[in-house]
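Read through the structure below, which is laid out as structure tokens, and then see the notes.
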Amino acid sequence: MSALTVTNLCKSFGGLHVTTNVNLNVEPGERRLIIGPNGAGKTTLFNLITGELTPDSGSIELLGQDITRVPSRRRAHLGMARTYQIITLFGRDTIIHNVTLALLGLSSARWNPLIDLKRQGHFVEHAQAALERVGLGNIANRPLGQTSYGERRRVEIAMALTQNPKVLLLDEPFAGLSIDERRDVHQLLLAIPRDVTIVMIEHNMDVALEFAERITLLHFGEVIVEGNRAEVVADPRTREVYLGH
Amino acid sequence: MSQRIFALLVAFVVLVTLPYWMAGVYYVNVASQILFYAIFAIGLNVLAGYGGLVSLGHAGLFGVTAYATGYMLQLGFGHTVSIIAALIVGLIAMAIYALLSLRSTGIGFIMITLALGEILWGLAYRWISLTGGDNGLSVKTRPEPFGFPLADANTFYYATLVVFLLSLAAMTIFVRSPLGAALMGTRDQPRRMTTLGYHVWAIRFYACIFSGLLTAVSAVLFVYYTQFISPQTLALTSSAEVLLMVISGGAGTLLGPIVGSALVVVVKTVVSGYIERWNFLLGAIFVAIVILMPEGLVPGSVRLWRMAWRKRERRASTLPGGAEANP
């Protein structure tokens, strides 16, 4: 059984076909890299997989279950988590509150209007542990507004990891990071256990190529090349549309 | 922290002893008005402040509950039955509001609630057999809970105070709860909340119902206070007024709507006795608030207080420090 299967997925905005007959099969524990030039439809594909966009046709399966019509919020409960290319966090709150919201999202306590959230010890402990994992344990109570871009990237990842996803979708986790920060995030991603399947969009080829086992190249919404690292890099079409001559 | 508890304790004692030191019945009544309008503003703050959903139709909900109370009493039902029925009517009206207006957010939400409020206002004017039209409905008596006749200004004040404190406590608990945190999350990042597993629409719906409950409670107090309800209560100006209470005091804060309510009620009832153009004055105050502390009176004052405090501390530390710098 595959972790994630996408079959004949199509999506167009008016006359613009942003996703055309995309097929994707990601095995459990796999590290899959999705590359492609700007406007290739990579983030759109993620939005379709997470349910933030509805496909025109085709189907999506998560761990063998058809989720094409399952609402976005339910997909989180079924084991899917994502990070955003454009950082999407709760800017008025502290770092630990951001992570707590991620934990709370999958807990039935999220409907409770009577208990004091800050006094729920298990949430605090879990959120703190998730922050230790990404190296932000010492600044857990800092307001998000006072953190650096690199720290926010790590908060994004901590929020996704704390939900214990089976399939993790990372949308350009290295975007905008300095070399040092990139190394930190890279270490962080390498430490994610193998029971988590990772699909990653990334432009930063030196880190991304090292991380990925299989690579899918998208171009104008279509899968052009797919294969292992060496095959994709060697393929002439990759050179043509992506790597340059 | 202890400073805060002390301040709240002082406020509590001031409120409880108010009828004993206040200059007269008139001012006790003003205080009652401040308190029930504060409940109304707290109710609107659930949506406008914590949910990011600005409603311009809350006076319609307020009016529906007030009319329902008056109508039930006119039909000859007792106070308890009338109040409970009116609260249920208010909640149903809010649920309908929510079903229609939660289809959108932002400007869309404002316009739909505005339209619904105007519809209710129109009905209050035109459905004369039910509402009495321009003549309104009057409420002959006030209830006597546990043998305390609310016809007396002081007892009415205390009854309002009890309901106000309960409402404030409910709001405090809600804001600190997971559902409250989720509501604020949907205000700031609705899309992220969905991918984290939250049902954004349902969270907003529950917030609407909570807001509607507080609005309905304040409307019952209002109709017993004035013992009269007319279409004017449902007008757009009333919706705008309570929204201004929330914004001027500080949207998304616990105490802001209370301060806003005090400001508007005092200018409207007390100052209007001395200044004919009190509307102009109120407008000028709002403009000043927007310019000087756009976040509202409560958070704005806290900010200024902290700034002054820090400046004082810095001066205290630099004065002897300056001497030490040149040994």
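Read-outs throughout are calculated quantities, based only on the coordinates presented, and are distinct from any laboratory measurement. Computed from a predicted model, the values in this text were never measured in an experiment. Positions of Cβ are backbone-derived with ideal geometry, glycine not excepted, and every protein chain shown enters the neighbour counts.
Summing +1 for each Lys or Arg and -1 for each Asp or Glu, what net charge is found among the other residues whose Cβ lies under 15 Å from the Cβ of B:VAL223?
Numbers: positive: B:LYS140, B:ARG142; negative: none.
Net of charged neighbours comes to +2.
I'd like the Kirkwood hydrodynamic radius of segment B:5-93, using the inverse of the mean 1/r over distinct C-alpha pairs, in Å.
15.6
Working from the pairwise distances between different alpha carbons, so that the mean of 1/r is found and then inverted, what is chain A's Kirkwood radius in Å?
For chain A, inverting the mean 1/r across all distinct Cα pairs yields 18.7 Å.
Between A:ASP195 and A:THR7, 0.36 nm times their residue separation minus their Cα-Cα distance comes to what? Walk me through the numbers before you get to the answer.
Details: separation 188, 0.36 × 188 = 67.68 nm, distance 2.31 nm.
Gain on stretching A:ASP195 to A:THR7: 65.4 nm.
Karplus couplings for segment B:60-76 from phi (6.51 cos²θ - 1.76 cosθ + 1.60, θ = phi - 60°), rounded to Hz, Gly and Pro as x?
Once rounded to whole Hz, the list reads x, 5, 4, x, 4, 5, 4, 4, 4, 4, x, 5, 4, 5, 5, 6, x.
Using a/c under 1.5 as the rounded threshold, could you call segment A:86-227 rounded, prolate or oblate? The axes a ≥ b ≥ c are square roots of the C-alpha gyration tensor eigenvalues, and prolate needs a/b larger than b/c, oblate otherwise.
Prolate, since a/c reaches 1.5 and a/b exceeds b/c.
If neighbour count is taken as other Cβ atoms inside 10 Å, put B:MET293, A:MET159 in order from fewest to most.
B:MET293, A:MET159
Using the count of nearby Cβ atoms within 10 Å as a rough guide to exposure, how do B:SER104, B:SER261 rank from fewest to most? Write out the running numbers ahead of the final one.
Numbers: B:SER104 13, B:SER261 27.
Listing B:SER104, B:SER261 from fewest to most nearby Cβ atoms yields B:SER104, B:SER261.
Can you list residues whose amide H is under 5 Å from A:THR216's amide H, if they're 5+ apart or on another chain and H is modeled 1.01 Å from N?
It is A:LEU33, A:ILE34, A:ILE35, by chain and number.
For A:LYS42, give me every one of the lysines with a C-alpha distance below 19 angstrom, ignoring sequence neighbours fewer than eight places off in its own chain.
Once the sequence-local lysines are set aside, what remains near A:LYS42 is A:LYS11.
Using a Gaussian network model on chain A with a 10 Å cutoff between Cα atoms, which of A:THR147, A:THR83, A:THR19 fluctuates the most?
Largest GNM mean-square fluctuation: A:THR147.
Divide the volume of the convex hull of the Cα atoms of chain B by its number of residues and quote the answer in cubic angstrom per residue. Before the final figure, lay out each step's value.
Working: hull volume 59.8 nm³, N = 327.
That works out to 183 Å³ per residue.
What does the helix-only formula give at 222 nm for chain B: each DSSP H stretch with n ≥ 4 adding -39500 (n - 2.57), the total divided by the residues, and the result rounded to the nearest 500 deg cm²/dmol? Kindly include the intermediate steps, with their values, before the conclusion.
On the way: 14 runs with 242 residues, N = 327.
After summing the helix terms and dividing by residue count, I get -25000 deg cm²/dmol.
Per residue of segment A:198-207, what does 6.51 cos²θ - 1.76 cosθ + 1.60 with θ = phi - 60° give for ³J(HN,Hα)? Whole Hz please, x for Gly and Pro, Karplus curve as stated.
10, 10, 10, 9, 7, 9, 6, 5, 4, 6
Could you tell me how far the Cα centroid of segment A:57-114 sits from the Cα centroid of segment A:147-167, in Å?
Here the two parts' Cα centres lie 12 Å apart.
Can you sort A:ARG239, A:ARG73 so the residue with the fewest Cβ neighbours within 10 Å comes first?
Ordered by Cβ neighbours within 10 Å, fewest first: A:ARG239, A:ARG73.
State the percent of C-alpha pairs, over all pairs in the protein assembly as shown, separated by a distance greater than 43 angstrom.
Within the protein assembly as shown, distances greater than 43 Å cover 36 percent of Cα pairs.
Taking R0 as 56 Å, what's the FRET efficiency between A:THR54 and A:SER178 from their Cβ-Cβ distance, rounded to 0.05?
After rounding to 0.05, the efficiency reads 0.90.
Evaluate the distance, in nm, between pseudo-label points positioned 7 Å from the Cα of B:ALA308 and of B:VAL270 along their respective Cα→Cβ axes.
2.0
With contacts defined as alpha carbon pairs under 8 Å and 6 or more residues apart, what's the relative contact order of chain A in percent?
Values: 444 pairs, mean separation 68.6, N = 245.
It comes to 28 percent, rounded to a whole number.
Please state the Cα pair-distance histogram of segment A:87-164 with 5 angstrom bins from zero: what percent is in each bin?
3, 17, 30, 26, 15, 6, 2, 0
What number do you get for segment B:97-167 when its Cα radius of gyration is normalised by 2.2 N^0.38 Å, N = residues? Don't skip to the end; give the middle numbers.
Values: Rg = 18.3 Å, N = 71, 2.2 N^0.38 = 11.1 Å.
The reported ratio for this selection is 1.65.
Which of B:ALA66, B:MET94, A:SER12 sits closest to the plus end of the dipole of the protein assembly as shown, meaning its Cα is farthest towards the positive end, when Lys and Arg get +1 and Asp and Glu get -1 on the C-beta?
B:ALA66
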